[in-house]
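Let me begin by presenting the structure, written as structure tokens, before commenting on it.
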2 protein chains.
Amino acid sequence: MARPVEFVYEDVLTNAMEQFWREGFEASSVQKLLDVTGINRGTLYNSFGDKDTFFKSCLEHYNKLVDKELSATLNNEELAPWAAIEKYFDVTVMATTNKRRSMGCLLVNSFCESINYNKDIQKLVKAYYSNIRKALLKRLKDAEKAGELNKSVNAELATDVLMNALSGLRVHSREGKPAKQLGEIIQFTISSLR
Amino acid sequence: MARPVEFVYEDVLTNAMEQFWREGFEASSVQKLLDVTGINRGTLYNSFGDKDTFFKSCLEHYNKLVDKELSATLNNEELAPWAAIEKYFDVTVMATTNKRRSMGCLLVNSFCESINYNKDIQKLVKAYYSNIRKALLKRLKDAEKAGELNKSVNAELATDVLMNALSGLRVHSREGKPAKQLGEIIQFTISSLR
DNA sequence: GGCATTTTGTATCAATAGATGTAAAAAGAA
DNA sequence: TTCTTTTTACATCTATTGATACAAAATGCC
């Protein structure tokens, strides 16, 4: 049999993802990726392909993290619509205080970076981000049916408002705004919708 | 006397600014900047300094555009507080439909890019962005004094909510969301505050 | 132990990055 | 015309970019 793999696949993806997350695609040279992952060039190109492909894998890895959060909150059917929504935003706001604070959101960052000229990656980023929107929309439609939505909006508009606030939140967390203020912004936005 | 300058200073700044705006700092190589401005290397380094310095000049140029918009809207004392605020967001939403559509905001894009590791530029971006916040806060304090602000918020929180919505707007305009939907998001957000 | 297979480590590639130096060009002044 | 000054144009520098090739190393199978 062949020589066994020495690196831990998950760890490499996590470290590379954080590098792209922190500094963006363009500023993350292959050398930096080698430094933060600890693997060497041969291993990277053999096991993860070129930089574009590697970035896509990191996006996928990031999406898994998002999916976990969604499963515990928005997609958790044990929670009532608004409870689920509030929990999702609580988690998101709280996340800005840990070590990944001030890094914002890899997907939002990618929207704003030049990555947009790569149609391939752009589509991927949009698709991943739309997962959050879908989960949110579902719950807001539930709330609407239950008469728990502010009569002046429909579920679609309410979703847009919350997604817009979410994107703003991600930008401002990267800008360094304290979680307390971010929380108050979201709290008000939510209260205006119910 | 010396040889006269051939390039138009304003035009060079405008074209370079749009390049940075579209593709970000890292992806905008000096060669690309030469291509879009039409000047050559010597001229660029002689008249605009290195890439960092050039970028700062472009940020300043961008800020002038922002200032013009602010003067006509938020800082226009002839308009009542909420009229000024509504006009500012109208202009901002409408701007997403012209040729600069889908480019978002240079300042927000810069927050999200790796530029953040350059403390110097980061401070500049923050300072320019805070100009908008200051103008907004002033008007919301006026509205608060006049009893035209929703009692459940103070001027500070209202400003945060609107700035958050603004940042979200910029992200989503870059993502390609239609102006109509962006307008409805803002319209609801404003109405929730008055 | 020798063989096949895969990973790892390193050397190296051409292309491009940002940046600088210098000579030619263009104007008015003397 | 000649001189001075500044811009412009081009050549060139070193470092780094993403990417590839290939030998050394490490395993299980025979």
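A few notes on this one:
- When A:104, A:38 are checked against the criterion of being small (Gly, Ala, Ser), more than 22 Å from residue A:136 (Cβ to Cβ) and away from DNA strand D (no atom under 13 Å from the Cβ), a single residue qualifies: A:38.
- The set of residues in region B:1-25 that are surrounded by fewer than 17 Cβ atoms within 10 Å (Cβ to Cβ) and among the small types (Gly, Ala, Ser) contains only B:2.
- Looking across region A:129-163, the residues that are within 12 Å of chain B (Cβ to nearest Cβ) and assigned to a helix (DSSP H, G or I) come down to A:129, A:130, A:133, A:156, A:157, A:158, A:159, A:160, A:161, A:162, A:163.
This table checks each residue for (1) farther than 26 Å from residue A:107 by Cα; (2) charged (D, E, K, R); (3) surrounded by fewer than 16 Cβ atoms within 10 Å (Cβ to Cβ).
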| site | (1), (2), (3) |
| --- | --- |
| B:33 | yes, no, no |
| B:39 | yes, no, no |
| B:43 | yes, no, no |
| B:80 | yes, no, yes |
| B:110 | no, no, no |
| B:125 | no, no, no |
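- A count restricted to region A:75-128 and to residues that are within 14 Å of the chain's Cα centre (by Cα) and in a loop (DSSP other than H, G, I, E, B) stands at 7.
- Among the candidates A:96, A:53, residue that is among the polar types (S, T, N, Q), surrounded by 14 or more Cβ atoms within 10 Å (Cβ to Cβ) and either over 22 Å from residue A:168 (Cα atoms) or away from DNA strand D (no atom under 16 Å from the Cβ) (or both): A:96
- Test: residue A:20 is within 15 Å of DNA strand C (Cβ to nearest atom) and either assigned to a loop (DSSP other than H, G, I, E, B) or within 20 Å of residue A:121 (Cα to Cα) (or both): no
Only the coordinates and a few stated rules stand behind these numbers; no lab work does. Model, not experiment: these values are computed from the prediction. When we count neighbours, we look across all protein chains shown, and the Cβ atoms used for this are built from the backbone with ideal geometry, even at glycine.
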